[in-house]
Amino acid sequence: MRIAIGADHGGYHLKEEIRQSLEKSGHTVQDFGCYSTESVDYPDYAILVTRAIQQNEADKGILVCGTGIGMSIAANKQSGIRAALCHDLFSAQATREHNDSNVLCMGGRVIGSGLALSIVDTWLNTEFSGGRHLRRIAKLEPAADETAEAEFSSEQLQLQATDLMHELAEKSNLEPGSLVVIGCSTSEIGGHRIGSASSAETAAAVYAGLRKAADAHQLILAFQCCEHLNRSLVVERSTMERYDLEQVSVVPAPHAGGAMATQAFSQLADAVVVNDLHHKARAGLDIGDTMIGMHLAWVAVPLRLAHKTLGKANVHAAFSRPRLVGGKRAVYSQEQAQEANRI
Ligand code: RB5
């Protein structure tokens, strides 16, 4: 089963145990964070997990906070979501049979992991009874015109950006000092066509979020300007010197460079614009279909992130690996080399 999971700091430890147990049982788990016990806001994670269900990227969701209450309130405000707060096996079974609940909520400060894992097991393995319960759950959904599409706050966008960068760094095994290219359309984040509604406020939030995680992993960021500046990039002068890049003469502006490049130019220490990265980016994050592939080192490998959107923009990611060169006798790992040396 495809299961989306999420937690705040109060549920982080239990969420980690649940993730390991689900993976061991062969489920496909999308972990939307959080990734530490640093204080965060539970509604942000409830939205990420429930959106995965709404977009049919997950079959069910599990949310953990301190009590499970905040998560269940937040999840139940999302359309099509029936979240059940369960701390006993009877409720876990009954809510599947009667409510066809698609999200399970628990409190990391309420129950131990032994009981929690049994509840997860019971909940996942109990079928909906249908019949009269179908009529009842149909009455839970508000009329279509009452469900306005949610807007994202700056805080939510910042948090989503931090999570994306953490996930990219961890899944790409990026070493400190790696160069990462960022493409970002603030218009797409707001649900508009690229280049049509740039937002300085969105750029500031996303920049702050990316920066936070990039600093934690000691990554160097390069921000791609829009095509009106030929996809040149904003970097720190020290990055230009370290990678021997060619400086070009331009100052990014919202409609010639883009809101994110403008923000980066004002925030990076001694910012400059360079023509290209000489294909030296070890990884990249493309927020809003901005096409960053031309800056990546050979060979670019697509990375499937658990987080597939930031605000309303699509997100794609990639990392690079060295080319595999050689003929029939070539070996590609230390283990293979040791084996070859034995002969
Ligand atoms: C965080 O301290 C706590 O309020 C949260 O984890 C949850 O219990 C909310 O309902």
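Just to be sure, is Arg282 modelled with pLDDT of 95 or more, open to solvent by 70 Å² or more (accessible area, probe 1.4 Å) and more than 30 Å from Ala46 (Cβ to Cβ)? In short, yes.
Note on the range 81-116: among residues that are over 26 Å from the mean Cα position of the chain (by Cα) and assigned to a loop (DSSP other than H, G, I, E, B), the one that is surrounded by the fewest Cβ atoms within 10 Å (Cβ to Cβ) is Gly112.
Among all residues of the range 325-343, there is none that is touching a residue at least 24 places away in the same chain (Cβ under 8 Å), part of a loop (DSSP other than H, G, I, E, B) and either aromatic (Phe, Trp, Tyr) or open to solvent by 40 Å² or more (accessible area, probe 1.4 Å) (or both). Residues in the range 10-43 that are open to solvent by 20 Å² or more (accessible area, probe 1.4 Å) and on the phi > 0 side of the Ramachandran plot: Gly26 only. Checking every residue in the range 117-131 against the condition of being surrounded by fewer than 14 Cβ atoms within 10 Å (Cβ to Cβ), under 30 Å from Ala203 (Cα atoms) and either within 16 Å of the ligand (Cβ to nearest atom) or without any contact (Cβ under 8 Å) to a residue 40 or more places away in the chain (or both) gives zero matches. Out of all the residues in the range 73-80, is one or more part of a strand (DSSP E or B) and either modelled with pLDDT under 95 or within 16 Å of the ligand (Cβ to nearest atom) (or both)? No: zero hits. When the range 44-72 is examined, which residues are found to be part of a helix (DSSP H, G or I), within 15 Å of the ligand (Cβ to nearest atom) and crowded, with 17+ Cβ neighbours inside 10 Å? Those that are part of a helix (DSSP H, G or I), within 15 Å of the ligand (Cβ to nearest atom) and crowded, with 17+ Cβ neighbours inside 10 Å: Asp44, Tyr45, Ala46, Ile47, Val49, Gly70, Met71, Ser72.
The values are calculated or read from the model by the stated rules, or taken from the named source; none is laboratory data. The shown structure was predicted, so the numbers you read here are calculated from the model rather than taken from an experiment. Neighbour counts are summed over all protein chains in view; Cβ atoms, including those assigned to glycine, are modelled from backbone coordinates with ideal geometry. What goes into the accessible areas is simple: the full protein's heavy atoms, side chains included, and nothing from ligands, DNA or RNA. Shrake-Rupley method; radii C 1.70, N 1.55, O 1.52, S 1.80 Å.
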